[in-house]
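Notes follow once the structure below has been shown.
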Amino acid sequence: MTKLFETPLYPYQLSADQKADAPVRHPAVVIGAGPIGLAVAIDLAQHDVPVVILDENDKVSWGSRAICFSKRALEILDRLGAGDDYVNKGVLWNLGKVFFGDRKVYEFNLLPEDGHNRPAFINLQQYYCELYLVERIRALQAEGKQIDIRGGSKVTAVEARDDHSRISVETPDGPYDLEADWLIACDGAASPTRKMLGLDFVGRVFEDNFLIADVIMKADFPTERWFWFDPPFNKGQSALLHKQPDGVWRIDLQLGWDIDKEEEKKPENVIPRLKQMLGEEVEFDLEWVSIYTFQCRRMEKFRHGRVIFAGDSAHQVSPFGARGANSGFQDTDNLVWKLKLVMDGLAPESLLDTYDEERIHAADENILNSSRSTDFITPKSEQSRIFRDAVLDLAEHHAFARPLVNSGRLSLPATYDCSRLNGADVTSLPARTRPGSPAADCPLGEDWLLHKLGDDFVVLGINRDVPDSLSAHGISLKGLSLKGGDVNPFVKDRYLGNEDGAVYLIRPDQHVAARWTTYDEADIVSALGRVIGKEL
Amino acid sequence: MSANLKPNLARPDDFYADLLAAHEGLSKADSDALNARLILVLANQIGDNEVLRECLKAASLSSE
């Protein structure tokens with residue numbers, strides 16, 4: 001059987017652009033067909049923006065790589081039409097065990113909050129993640145959307161100009177140039193685009209190496225997350241075991257900085273470690289091994305004129321907490337509606353500066369969390385090791401110490417508290433749905449609130465009458481009135497608190513823009529103007 | 001609430017003796033570990049980040 005990651009999914013084909021006399025201009029070009037590039041392109045195509053994706057490869061990524069997809073990422077993928085594929089294939093787990101040295105110090109059961117369509121997170125190999133997005137692109141193409149994915153097309157030069165970019169591409173049939181009104185670089189942590197434009201990638205440099213292995217267990221093994229601090233098979237370091245679909249287990253072994261990467265990767269060195277970790281009697285096949293190096297850093301700005309960076313090309317974190325791909329999806333979610341409004345002339349170009357502001361805020365939050373996890377997992381001084389070990393020893397005996405154990409704080413979406421796009425607030429309404437926060441999902445009979453919001457601007461009335469539709473600033477807003485049985489305890493808890501009714505203006509990325517306790521069209525029109533950048 | 005830096009222990013000598021007794025006969029490494037666990041246990045009794053920050057400042061003997 002040909003493995004998924006050996007099959008060309010978007011093989012190189014000669015494009016009409018290559019035969020053109022002059023470089024062809026496209027409204028949007030995306031560099032990189034990883035999860036984030038594919039998501040940007042799908043979102044643009046769903047907004048009827050013709051888009052070209054360029055990637056030097058033509059297959060999904062090799063090995064599992066990003067494996068934890070958070071609730072917010074799944075909600076975004078729902079909007080992109082791929083959420084069900086992820087959830088149906090992905091592995092759900094609730095039980096986690098924490099080991100210190102050779103003993104288990106405690107176990108925990110994640111009891112996710114009720115009343116959400118999507119789970120807190122699922123485990124799924126990155127190659128499935130990419131496969132489902134490519135399948136979604138094929139479905140969009142079948143619907144007639146202009147979304148062109150060009151494999152075997154390596155970008156060799158990018159020239160940023162005032163109102164477009166010139167991109168040089170190398171293909172099996174030779175080079176050609178094309179132009180993009182807007183260029184979105186999703187070409188990963190080592191982003192060649194970033195380098196070609198001579199842009200920075202700064203912040204706290206945080207160096208470590210991880211050996212990551214995909215292992216196929218031949219016998220049953222529990223669906224649990226196991227995390228080891230200072231285990232006997234990896235002294236002074238950490239280890240993580242996580243289940244993925246198809247009986248594939250993901251193992252992350254921390255190796256430290258000064259190591260011989262080629263030596264560590266050899267099966268004769270990897271297999272004895274894994275046997276010590278899993279037990280001598282456990283039979284397994286080693287499917288994939290890689291060494292992963294990370295730093296915690298970000299670009300100073302994600303937007304450089306008509307070139308915009310999203311995902312790992314813009315920011316890089318440690319793997320603890322699943323904040324890489326998950327935050328990348330949130331970048332795309334934040335970017336695309338703004339870009340579409342600017343392209344349509346409905347919003348000033350400065351609206352895109354708020355992509356920078358909001359997503360840099362989120363990136364800093366992710367870098368802070370992942371740096372703190374790294375500090376706990378790999379103490380950098382004798383004293384910090386003493387405290388770390390004290391926490392773990394106490395956690396074995398006393399519940400109070402368990403929240404201090406930091407083996408990764410799982411990705412939660414950022415709330416854009418200081419965003420210049422935020423409008424009116426009523427502080428007696430629940431804090432979790434304040435302006436800037438991602439709208440919380442709620443069941444609505446057989447349906448779900450986020451599904452009903454979709455990717456429009458929505459005026460949400462709860463025990464308040466709002467019109468079914470509204471038009472302002474050249475934009476159509478959708479009205480959604482919840483009454484009677486739809487104002488269930490989840491809706492009350494998340495959107496009303498002690499108030500008897502409320503009106504929310506929700507952005508296309510499902511973040512709250514403004515909220516009131518009464519409906520007034522003038523309030524909506526004014527808040528909409530603000531959220532599309534008219535007051536910037 | 002702010003950190004209480006006035007006398008607050010009912011029987012200070014008894015507490016001091018208990019503290020020394022807890023460390024009696026321990027190696028430097030075991031003593032350090034005990035102190036670290038003790039700090040964490042005590043921090044949980046306080047349970048207020050602002051007060052804990054003031055305690056950290058008081059312990060560092062910094063003037064500002």
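The values are calculated or read from the model by the stated rules, or taken from the named source; none is laboratory data. Note that the structure is a prediction, hence the values are computed from the model and not measured. Cβ: placed from backbone, ideal geometry, glycine included. Neighbour counts: every protein chain shown. Side chains are part of the model used for accessible areas, which takes the heavy atoms of the whole protein and leaves out ligands, DNA and RNA. Shrake-Rupley method; radii C 1.70, N 1.55, O 1.52, S 1.80 Å.
Structure summary
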{"read-out": "Verdict on residue A:190 being under 19 Å from residue A:66 (Cβ atoms) and open to solvent by 40 Å² or more (accessible area, probe 1.4 Å)", "value": "yes"}
{"read-out": "Region A:210-230, residues that are basic (Lys, Arg) and under 19 Å from residue A:96 (Cα atoms)", "value": "A:225"}
{"read-out": "Residue A:453 vs. criteria within 24 Å of residue A:511 (Cα to Cα), modelled with pLDDT of 95 or more and surrounded by 17 or more Cβ atoms within 10 Å (Cβ to Cβ)", "value": "yes"}
{"read-out": "Members of region A:307-331 that are touching a residue at least 60 places away in the same chain (Cβ under 8 Å), in contact with a Ser or Thr (Cβ under 6 Å, 6 or more places away or on another chain) and either open to solvent by 10 Å² or more (accessible area, probe 1.4 Å) or at positive phi (or both)", "value": "A:320, A:321, A:322, A:323"}
{"read-out": "Candidate set: region A:412-421, residues that are open to solvent by 20 Å² or more (accessible area, probe 1.4 Å) and either not in a loop (DSSP other than H, G, I, E, B) or not hydrophobic (A, V, I, L, M, F, W, C) (or both); chosen: the one farthest from the other protein chains (Cβ to nearest Cβ)", "value": "A:420"}
{"read-out": "Subset of region B:11-52 [under 28 Å from residue A:396 (Cβ atoms) and of a type in the set (D, E, K, R)]", "value": "B:18, B:24, B:28, B:30, B:32, B:37, B:48"}
{"read-out": "Among (1) part of a helix (DSSP H, G or I); (2) in contact with a strand residue (DSSP E or B) (Cβ under 8 Å, 6 or more places away or on another chain) - the single one residue A:451 does not satisfy", "value": "(2)"}
{"read-out": "Criterion violated by residue A:348 - all others in (1) under 30 Å from residue A:474 (Cα atoms); (2) within 14 Å of another protein chain (Cβ to nearest Cβ) satisfied", "value": "(2)"}
{"read-out": "Residue count, region A:34-52 (criterion: closer than 22 Å to residue A:160 by Cα and in contact with a Cys (Cβ under 7 Å, 6 or more places away or on another chain))", "value": "3"}
{"read-out": "Qualifying residue in region A:197-220 (condition: free of Cβ contacts under 8 Å to residues at least 12 places away in the same chain, within 24 Å of the chain's Cα centre (by Cα) and open to solvent by 50 Å² or more (accessible area, probe 1.4 Å))", "value": "no"}
{"read-out": "Helices (runs of 4 or more DSSP H) enclosed by chain B - at least 2 residues per element that are touching a Ser or Thr at 6+ places or on another chain (Cβ under 8 Å)", "value": "B:49-60"}
{"read-out": "Hits in region A:1-33 (condition: open to solvent by less than 20 Å² (accessible area, probe 1.4 Å) and either in contact with a Cys (Cβ under 7 Å, 6 or more places away or on another chain) or among the basic types (Lys, Arg) (or both))", "value": "A:30, A:31, A:32"}
{"read-out": "Qualifying residue in region B:26-44 (condition: surrounded by 14 or more Cβ atoms within 10 Å (Cβ to Cβ), away from chain A (no Cβ under 14 Å) and either touching a residue at least 40 places away in the same chain (Cβ under 8 Å) or more than 13 Å from the chain's Cα centre (by Cα) (or both))", "value": "no"}
{"read-out": "Output for region A:365-380, where each listed residue is more than 14 Å from chain B (Cβ to nearest Cβ) and part of a helix (DSSP H, G or I)", "value": "A:365, A:366, A:367, A:368, A:369, A:370, A:371, A:372, A:373, A:374, A:375, A:377"}
{"read-out": "Given (1) without any contact (Cβ under 8 Å) to a residue 24 or more places away in the chain; (2) away from chain A (no Cβ under 12 Å), number of the condition residue B:48 does not satisfy", "value": "(1)"}
{"read-out": "Filter pass, residue B:62 being over 24 Å from residue A:398 (Cα atoms), in contact (Cβ under 8 Å) with a residue 24 or more places away in the chain and of a type in the set (S, T, N, Q)", "value": "no"}
{"read-out": "Matching residues in region A:61-101 - criterion: being in contact (Cβ under 8 Å) with a residue 12 or more places away in the chain, more than 30 Å from residue A:405 (Cα to Cα) and more than 17 Å from the chain's Cα centre (by Cα)", "value": "A:62, A:89"}
{"read-out": "For residue A:130: the one exception among (1) open to solvent by 20 Å² or more (accessible area, probe 1.4 Å); (2) closer than 25 Å to residue A:317 by Cα; (3) at pLDDT 95 or above; (4) not hydrophobic (A, V, I, L, M, F, W, C)", "value": "(1)"}
{"read-out": "Wholly enclosed strands (runs of 3 or more DSSP E) of region A:182-255 bearing at least 1 residues among the aromatic types (Phe, Trp, Tyr)", "value": "A:208-217, A:224-229, A:248-254"}
{"read-out": "Strands (runs of 3 or more DSSP E) wholly inside region A:19-103 that include at least 1 residues being in the same structural domain as residue A:183 (by TED's automatic domain parsing) and out of contact with any Pro (no Cβ under 6 Å at 6 or more places or on another chain)", "value": "A:24-31, A:51-54, A:68-70"}
{"read-out": "Considering residues of region A:395-408 that are closer than 16 Å to residue A:230 by Cα and open to solvent by less than 50 Å² (accessible area, probe 1.4 Å) only, the residue nearest to the other protein chains (Cβ to nearest Cβ)", "value": "A:395"}
{"read-out": "Count of residues meeting criterion [in contact (Cβ under 8 Å) with a residue 24 or more places away in the chain and in a loop (DSSP other than H, G, I, E, B)] in region A:422-446", "value": "17"}
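One line per residue, one yes/no per condition, for (1) of a type in the set (Ser, Thr, Tyr); (2) away from every other protein chain (no Cβ under 14 Å); (3) out of contact with any Pro (no Cβ under 6 Å at 6 or more places or on another chain); (4) open to solvent by less than 10 Å² (accessible area, probe 1.4 Å):
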residue	(1), (2), (3), (4)
A:363	no, yes, yes, yes
A:382	no, no, yes, no
A:410	no, yes, yes, no
A:437	yes, yes, yes, yes
